Amino acid sequence: MPPSQSKNGNTQVVIIGAGVGGLSAGIALKRQLGLHAFKILEQAEDIGGTWHDNTYPGCASDIDTHWYSLSTDLNPHWASTHVSQPELKEYWKQLASKYSLYDQLVLNRQVTSVDWDNQQQLYKITSQDSKSKKIFNDAAQIVICATGILYVPFVPPELESIKKFRGSAFHSARWDNTIDLHNKRVAVVGNGCSATQLVPIIAKDPTTQVVNFCRTPHWYLRSRWGAFPESVKWVFAHVPLAMPFGCRRFVIDSGYLSALHQSNLDLNYDGIAEFTEGGIISKKGKGELNAVVECTECVAPQARNPALSPYRPLTLADTQDKFPLKVRGSEGITVQEYYDRKGGPEAYLGVTLPGFPNFFMIAGPNSATGHASVIFTEEVQINYIMQFVKPIVKQLASSFEITTRANDEFNSAIQKKLSKSIWSNCLSWYRFGHTGKIITQWPGTMTEYWWNMRTPIWSHYKAFGHDEIRMWSQAFTPTS
Ligand SMILES: Cc1cc2nc3c(=O)[nH]c(=O)nc-3n(C[C@H](O)[C@H](O)[C@H](O)COP(=O)(O)OP(=O)(O)OC[C@H]3O[C@@H](n4cnc5c(N)ncnc54)[C@H](O)[C@@H]3O)c2cc1C
């Protein structure tokens, strides 16, 4: 019997995605519940999500290393203040081995639909092997959706003329490792987190002429950035330490500002008019180029095949406002249809949705911060989710579902708070359609988020299944 099945041959939980979130959920199932009857379905050929896809020079965490590890598996030996992509990927691969997650992991497997069966109280999950295109069907009582929010490179429609360019052009999240930028003229489009990390690295070669095209200014935070001396690593290993600022995510300066003084690096705010076969026409002039690196954003367009060219003109409606998967709940509607009814994405504490029993999201709506560790947020969410998984796998209940009333009250409360935040004055992807309600951000501190997530308010949930738990839950569940 495969390790991903229980004694009666069932898979109890399906986790979608093997990035940081999906892997952490798998670890929690094993560590906290001793559960092995689960599968992790990942569309890519390897684990790591963000940290598998992003391999550009200088790619590293934005926040301090020691904030960006799993609390159960702290690593005192991190080499530097901002952990590099290869180190991060290796960390997660080692954790996957340590917790034998490869027993549950299915790579090259894209989940295409998830449908709740009210009668059987389980989800039917359809997936496709990305190589053979073979279709697979799974069933599980619980689905944990860890598909991330930003994984498809997005090139805005106004840059579509990039198709004409005959040199090398690629998105930073799909770095072309075969390219040699020595003696080349390179345009870097964008000045956000990824551009800030890679520009100083590629500009180190004085023969590489870099033009950095910028549209909007950012706030840059100076940061202590460098290798940890052995003595500091010793302290992390042996001395227990308590690990105790915008419209957009702050950009941590990894050497970008000082690199701007170099003679081979120019900043350009002229605006890109169009790309040509051999270069670029800005709104004030033109220039020849050998390569273009698009440090534009990444999005999670709905049911979009990441293998497709990113150069299709996308509308704002294609972006992260859409739910990336076809998930149908107990009332026959999909998550996307639910979002449409609500005027944009929303969920209860970023994790559960009314009408979708036993469907748990990691990094769902309004649970991001823009300044703290996603790993912290995701761990807090996973610990919350485990409290539902436990009674289900123990057959004390067959399903839990957030009530419409609790969800609506929660969302009107957070939207009221968010309406007073800086984000409500900005045009950004934090908002529905870039100008509507704020759909990504949590309005409070991380401590407040953790506090709210310590234990579920069970009266906010409907429980189905075992009589005892039904009686217990009805006693606590509001009547409307
Ligand atoms: C350069 C860079 C630096 C960053 N630095 C920080 C930082 O310092 N601090 C911080 O908190 N965050 C940082 N982030 C954000 C980072 O993305 C998150 O911290 C975290 O890695 C997100 O993990 P995730 O598992 O939620 O999502 P992802 O990493 O996006 O993983 C989602 C996984 O789900 C898979 N998937 C999606 N759809 C399907 C499907 N239908 N079927 C099967 N599989 C599917 C994807 O292939 C992917 O592997 C950074 C991001 C980048 C790009």
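Since every read-out is calculated from the coordinates, none of them should be taken as a lab result. These numbers come from a predicted model, not from an experiment. Cβ sites come from the backbone with ideal geometry, for glycine too, and all protein chains shown count toward neighbours.
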Search the structure for amide H atoms under 5 Å from the amide H of residue 326, placed 1.01 Å from N in the peptide plane, and list their residues when 5 or more places away or on another chain.
114
Local electrostatic count, residue 273, Cβ distance below 14 Å [Lys/Arg +1, Asp/Glu -1]:
+1
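Working from the alpha-carbon coordinates of the chain, get Rg over Rh, Rh being the Kirkwood radius.
On the way: Rg = 23.2 Å, Rh = 23.8 Å.
For the chain, the value is 0.98.
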List the residues, sorted by chain then number, that are 5 or more residues from residue 136 or on another chain and whose placed amide H is less than 5 Å from its amide H.
127, 128, 129
Starting from the Cα of residue 459, step 7 Å along the direction of its Cβ; do the same at residue 137; then give the gap between the two resulting points in nm.
4.3
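Please report the antiparallel percentage of the DSSP beta bridges confined to the range 1-131, to the nearest 5.
Values: 9 of 15 bridges.
Here the antiparallel bridges make up roughly 60 percent for the range 1-131.
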For the pair residue 158/residue 118, report the inter-label distance in nm, with labels modelled 7 Å from Cα in the Cβ direction.
4.8
So, in Å, what gap is there between the alpha-carbon centers of the range 115-159 and the range 58-93?
28
Please arrange 36, 218 by counting, for each residue, the other beta carbons lying within 10 Å of its beta carbon, fewest first.
36, 218
Label zone at residue 180 (point 7 Å along Cα-to-Cβ), backbone N below 18 Å, the range 194-214:
202-209
Only bridges with both residues in the chain count here: give the DSSP antiparallel percent, nearest 5.
45
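Please identify the trypsin sites (Lys or Arg not before Pro) of the range 128-184 that satisfy two criteria: DSSP loop assignment and at most 12 other Cβ atoms within 10 Å. Which are they?
131, 133, 134, 166
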For the range 172-184, just list the computed ³J(HN,Hα) in residue order, Karplus coefficients 6.51, -1.76 and 1.60, θ = phi - 60°, integers in Hz, with x standing in for Gly and Pro.
4, 6, 9, 4, 8, 6, 8, 7, 10, 8, 4, 6, 10
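Given all pairs of different Cα atoms, what value in angstroms does the Kirkwood hydrodynamic radius of the range 1-142 take?
Details: mean 1/r = 0.0619 Å⁻¹.
About 16.2 Å for the range 1-142.
Under a point-charge model restricted to the Cβ atoms of Lys and Arg (+1) and Asp and Glu (-1), what is the dipole moment magnitude of the range 3-113 relative to its Cα centre, in debye to the nearest 20?
Dipole of the range 3-113, to the nearest 20 debye: 540 debye.
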Per DSSP helix of 4 or more residues, -39500 (n - 2.57); summed, then divided by the residues of the chain. What does that give at 222 nm, rounded to the nearest 500?
-7000 deg cm²/dmol
